[in-house]
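Novice: First, the structure itself, so that you have it in front of you.
None of the figures in this text is laboratory data; all of them are computed from the coordinates on show. For clarity, every value in this text was computed on a predicted model and none was experimentally measured. Ideal geometry is used to build each Cβ from the backbone, glycine not excepted, and the neighbour counts take in all protein chains shown.
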Amino acid sequence: MGDKSSRTKSPGTKSPGMKSPGMKSLGTKSPGMKSPGMDATTVEYVARLSRVDLSHEERALFAGQLSAILDYIAQLNALDTSNVLPLAQAVEIANVLREDVVTESLTPAEAIANAPDKSGSFYKVPAILE
């Protein structure tokens, strides 16, 4: 692989971590603040970064849908979760596996009894290498 100076960027792309001039900050908010929403310009910027072509109608549709998602996340961020313990899963689960008990095994003859092709006590399969 080459060094960073030999790499080329696609036209119109920015370096990672750089914001579009019109991009609103979607980071942390104070509790109770309304989400900034997502406008068609921001949707277009994210689509370009993702290399996804969107029509004007799709940009408008996604702007509304993403704004609704951000508004819901803002509502969740406004909740006081200081007394809520972190969870790995929503419900407590126990080991659902059965006890590992040694039982009688099949004999080689029983194991290959229904094999379509066998050679002694071995399965015979078509060769995959030439």
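Novice: Contour minus end-to-end for D117 and H56, with contour as 0.36 nm per residue of separation and end-to-end as the Cα-Cα distance?
Specialist: 15.8 nm
Novice: Go through 48-60, 103-115, 83-95, 64-76 and give me the packing order, highest mean Cβ count within 10 Å leading.
Specialist: Highest-to-lowest ranking by the protection proxy: 64-76, 48-60, 103-115, 83-95.
Novice: Further question: Once you have the Cα-Cα distance between V84 and V102, take 0.36 nm times their residue separation minus that, and quote the gain in nm to one decimal.
Specialist: Between V84 and V102, full extension yields an extra 2.1 nm.
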